[in-house]
Amino acid sequence: MLPQLRKAFWLFGITVFIAIVFLPGYTKLQELRDKARDLQRKIKELKIENALLQQELKRIANDPVYQEKIARERMGVVRKGEVPIKIIPGKE
């Protein structure tokens, strides 16, 4: 029975040694996979945002009605003869 116990001890020791050697590398691999997945998601989001911005840029360049809307809303531009009215929200 002693030789079987010795074999089991050696087998356990080898298993623990292998776990100690490979576990940090496996953990690092999982971290890198997670990071790569996050970066892929971020790239996908940025591509979508870029496409939307490209569409808006084309619309601004080619649509005079949209140009006027942007100028009025964002820059406060008014037509000749118009009186700009600014509404200030109450303190209530």
Proximal lysines to residue 35, defined as alpha-carbon separation beneath 22 angstrom and excluding residues fewer than eight positions away on the same chain: 44, 47
Dipole axis of the chain (+1 Lys, Arg; -1 Asp, Glu on Cβ), positive-most option in 77, 25, 52: 25
Residue with peak Gaussian network fluctuation, the chain [Cα springs, cutoff 10 Å], from 69, 80, 58: 80
Reach of residue 91 by Cα under 23 Å, taken over lysines that are not fewer than 8 positions away in the same chain: none
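Please state the shape class of the chain: rounded when a/c is under 1.5, otherwise prolate if a/b exceeds b/c and oblate if not, all from the C-alpha gyration tensor.
Working: a/c = 10.85, a/b = 3.79, b/c = 2.86.
The shape class here is prolate.
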Within a Gaussian network of the chain (alpha carbon springs, distance under 10 Å), most fluctuating of 11, 57, 39: 11
Residue 33 paired with residue 20, simple spin-label distance in nm, labels 7 Å along Cα-to-beta-carbon: 2.6 nm
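No value in this document is a laboratory result; all are computed from the given coordinates. Predicted, not measured: the structure shown is a model, and the values here were computed from it. Positions of Cβ are backbone-derived with ideal geometry, glycine not excepted, and every protein chain shown enters the neighbour counts.
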